[in-house]
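What follows draws every value from the coordinates through simple rules; no lab data is involved. Since the structure is predicted, the reported quantities are computational estimates derived from the model, not experimental observations. Glycine also receives a Cβ, built like all others from the backbone with ideal geometry; neighbour counts cover every protein chain displayed.
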Amino acid sequence: MVEYDQNWQQTYKDMIATPARAVSQIRPGQRVFIGTGCGAPQDLITSMTKRAGQLNNVEIIQLITKGTAPYAEKKLSECFAINAFFISSNIRTVIQEGYGDYTPILLSDVPRLLDSGILPLDVALIQVTPPDTSGKVSLGISVDIVRSAADNASLVIAEVNPNMPWTHGDTLIDVYDLDILVPVDHPILERKVDPPNEVSRSIAKQVAALIPDGATIELGLGRVPGYGRIPQVVMEYLHESKDIGFHTEMISDTIMPLIESGAVTGARKSIDRGKITASFCMGTKKLYEFIHDNPLFSFRPTEYLNDAAVIGKHKRMVSVNMALEIDLTGQVCSDSVGGKFYSGIGGQIDFNRGASRSERGRAIVVLPSLMKDSNSSRIVSTLQPGSGVVITRGTVHYVVTEYGVAFLHGKSIQERVMALISIAHPDFREQLFNEAVELKYLRPELARFGNRFIVPAEEAMRANYLLPEGIDISIRSIRPTDEPHMRELFYNLSQETVYYRFMTHHQRFTTRHIQDFVYIDHRRDVCIVATVPEAHGEQIIAVGRYYLNEKTNKAEVAFIVKDDWQNKRLGTFLFQHLIHIAKNNGIAGFTAEVLRENKRMQNVFNHSGLKVSSNIEEGVYSFVMDF
């Protein structure tokens, strides 16, 4: 329990000054650091800005600040030169107009930049708690690079605010390591969480499905115009999870309901076990009261929290970060698009590297499929000129949109292209497919499938089949990314299964044959696959398909079940699911050709509950099944 020095203003009276007197120490040409996020010292900022007429070429260094930034005005650009490591909304306009500057840098490298003297600081303007009885103050809600700035600045001016939460971790500074104390008593800046829209929720739900019990999570602070901070929404879908831990830059109000649900224990964290480790928080008064003197939270500086080696020590480390644009080869743009700077690199690369190193870790990039205003695709064949690549194609792992998940790491260009087109907005899939063929990302003969790249609504195709031994089999529509999985399935079938399905003993499948199975005309035909998880993705164990004859409004149906998954009634389940799909599509019935020897398939049809008729000719049964 923290005990403040109730007489601190008397104890340290020689260090106390008003905001105006404190900032009078700032001289033209100096480099001034401003504290991070909601910990930005508002009274000091206001007083410094009022001195604009007396100051020239003062360089303002900051990570991300909330509240007003009165120094970020075009008319004051001769007085204050902004240099941001991350572009927050209150300075975005002045930077995009060319009157401010942005330093692209990994967040983990910023403390080293300050410590080494490469970027020397003259003044640091920060905000702290009142001192305790031992003469220590807490940096409160913003530790991040503030600690390094306070350690390296020649002059440290601190607002001392009784409303600042006292936080645990590496947050304490001896009061005598500060130079000027400015007593203030105003509410800490608040930032309410943007209400998520339908797209944001859909993406967050799919990300949550990738997070296993016992995972340690980082949820990035990036946001996309019109969609908010999607990574933060993920917490809404983790309430049923177990032993979740956090090692993340920022925490917000969304963490409180998750803690209250019992999902957050940190019990399986590899380091800082049982602690929620963060470097700053931005939220409401309710959050600040929640973290005040709460030993569950451990606030650590950026040089520790963003160290990829530290991050990678966690088992099941999952990082979730935003992107603004991604091309079909996997190049991720996060801080800019088309030469226009929007945010910053932040900790995205640090956590992408760390999660990639983690045992059973997952590095996830999320983005909506569409630009909110222009209604154009965020998944593009080639990046816009001037777009900056933050995560390279060689280090990208998972990409998630509201239309699904693409796993790219270790995949070929063709596999990446197919995976990303599959999760692009449906209105742009055919265009992206044709552009990929033109760019030679795909084999030229695939051009004939351009008009087949319309994937059906996934929800209508999905189902699950639980085997008696507890194995859960997922049913979904076939995807263009399934070509290698289908190739593997075909070449692992027994000669008997090949003979029953294709009525031939020939077991050589051409590329075109496999492609014809994968690239179907979804406007007429349906193909569903049964899958089980494997180490890095899934394995196809069965395929069910029908081909519509538009003249009769009946469809020919056929199945393949991998040999070691036969005799588990999987074929029967696929058939019943296809009946359901076909009825919804207005189809009148099924037809099928079955060899005399294939008794199992005959039983599936004869016991389907449909009106079944059949005749045999030259050893082949012809079935007609009416709905």
Sequence-distant or interchain residues sharing an amide H contact under 5 Å with ASN163, placed H: which?
HIS186
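Can you compute the FRET efficiency between ARG523 and LYS242 using 1/(1 + (r/R0)^6), with r the Cβ-Cβ distance and R0 = 56 Å? Round to the nearest 0.05. Spell out each step's value before the answer.
Details: r = 43 Å, r/R0 = 0.78.
Working from the Cβ atoms, E equals 0.80.
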Estimated FRET transfer efficiency (GLU550, ARG462; beta-carbon r; R0 35 Å; 0.05)
0.85
How large is ³J(HN,Hα) for each residue in segment 460-469, as worked out from phi by the Karplus curve 6.51 cos²θ - 1.76 cosθ + 1.60 (θ = phi - 60°), to whole Hz, x for Gly and Pro?
5, 9, 6, 7, 9, 10, 9, 6, x, 7
Sort VAL557, VAL175 by Cβ crowding within 10 Å, fewest neighbours at the top.
VAL175, VAL557
Enter the Cα centre distance for the pair segment 516-543 and segment 573-611, rounded to the nearest angstrom.
18
Hey, can you grab everything whose amide H is under 5 Å from the amide H of SER494? Only 5+ residues off in sequence or another chain; H modelled, so Pro and N-termini drop out.
ASP563
Treating only the Cβ of Lys, Arg, Asp and Glu as charged (+1, +1, -1, -1), what charge dipole size does the chain show about its Cα centre? Round to the nearest 20 debye.
1320
With θ taken as phi - 60° and the coefficients 6.51, -1.76 and 1.60, list the Karplus ³J(HN,Hα) couplings across segment 379-393 in order, rounded to whole Hz; mark glycine and proline as x.
9, 10, 6, 9, 5, 5, x, x, 5, x, 8, 9, 9, 6, 5
With unit charges on the beta carbon (Lys/Arg positive, Asp/Glu negative), name the residue among PRO120, ALA592, ILE473 whose Cα is farthest towards the positive pole of the charge dipole of the chain.
ALA592
If I fit a long axis through the Cα atoms of helix 348-357 and take the longest principal axis of the Cα atoms of the chain, what angle between them do I get, 0 to 90°, rounded to 10?
60
Would you list the P(r) distribution for segment 266-339, with all Cα-Cα distances sorted into 10 Å bins from 0 and each bin expressed as a whole %?
15, 34, 31, 17, 3
Calculated over segment 458-626: convex hull of Cα atoms, volume per residue (Å³):
126
Using Cα-Cα distances under 8 Å and only pairs 6 or more residues apart, what relative contact order does the chain have, in percent?
9
How far apart, in nm, are two points set 7 Å out from the Cα along the Cα-to-Cβ line at ARG448 and at LYS315?
5.1
For the modelled label position 7 Å from the Cα of GLN54 along Cα-to-Cβ, which residues of segment 17-38 have backbone nitrogen atoms closer than 11 Å?
20-28
222 nm [θ] for the chain, helices only, -39500 (n - 2.57) per DSSP H run of 4+, per residue, to 500?
-6500 deg cm²/dmol
What whole-number value in cubic angstrom gives the convex hull volume per residue for the C-alpha atoms of segment 360-461?
130
Based on alpha-carbon centroids, what's the gap between segment 8-52 and segment 290-357 in Å, whole number please?
31
Cα-based Rg then Dmax for segment 8-183, in Å, read 15.3, 48
Find the relative contact order for segment 583-627 and round it to a whole percent, using C-alpha pairs within less than 8 Å whose residues are 6+ positions apart.
49
When CYS79, CYS281, CYS333 are ranked with the fewest other C-beta atoms within 10 Å first, the list becomes CYS79, CYS333, CYS281
Alpha carbon centroid spacing (whole Å) that separates segment 109-129 from segment 156-225
20
Mind giving me the FRET efficiency for LYS599 and ASP213? R0 is 35 Å, r the Cβ-Cβ distance, nearest 0.05 is fine.
0.20
May I ask you to compute the full-extension gain from THR392 to ARG21, defined as 0.36 nm times their residue separation minus their alpha-carbon distance, rounded to one decimal in nm?
128.7 nm
About its Cα centre, what dipole magnitude does segment 458-626 give when the only charges are +1 on Lys and Arg Cβ and -1 on Asp and Glu Cβ, stated in debye to the nearest 20?
340
Please give, to one decimal in nm, the separation of the simple spin-label points placed at ASP516 and GLN566, each 7 Å out from Cα toward the Cβ.
2.3
Treating only the Cβ atoms of Lys and Arg (+1) and Asp and Glu (-1) as charged, compute the dipole magnitude of segment 383-481 about its Cα centre; round to the nearest 20 debye.
340
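Among TYR102, TYR547, what is the fewest-to-most ranking by other Cβ atoms within 10 Å? Before the final figure, lay out each step's value.
Values: TYR102 22, TYR547 16.
With the fewest neighbours first, TYR102, TYR547 line up as TYR547, TYR102.
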Amide H within-cut-off set for ARG362, under 5 Å, with H built and near neighbours excluded
MET317, VAL318, SER319
Can you pull the Kirkwood radius for segment 295-383, inverse mean 1/r over Cα pairs, to one decimal in Å?
14.5
Calculated from backbone phi, Karplus (6.51, -1.76, 1.60) coupling profile of segment 552-559 in Hz, x at Gly/Pro:
9, 6, 10, 10, 7, 10, 7, 9
Which one, MET282, GLY312, PHE627, projects farthest toward the positive side of the charge dipole computed for the chain from Cβ point charges (K/R +1, D/E -1)?
PHE627
The extension gain from SER261 to ASP151, computed as 0.36 nm times the residue separation minus the Cα-Cα distance, is 35.7 nm
For ASN584, project a label point 7 Å along Cα to C-beta. Then give me every residue of segment 535-558 with its amide nitrogen under 13 Å of that point.
none
Which label in (i) -0.30, -0.66, -0.78, -0.90; (ii) -0.22, -0.58, -0.75, -0.94; (iii) -0.36, -0.77, -0.89, -0.98 gives the computed log10 I(q)/I(0) by the Debye sum over Cα atoms at q = 0.05, 0.08, 0.09, 0.10 Å⁻¹:
(i)
In this structure, among LYS372/LYS440; LYS66/LYS286; LYS205/LYS568; LYS66/LYS313, pairs with alpha-carbon gaps over 22 Å are LYS372/LYS440; LYS205/LYS568; LYS66/LYS313
Tally the DSSP beta bridges in the chain and give the antiparallel ones as a percent, rounded to 5.
50
Once Lys and Arg get +1 and Asp and Glu get -1 on their Cβ, which of ASN352, THR65, VAL182 lies farthest toward the positive end of the dipole of the chain?
ASN352
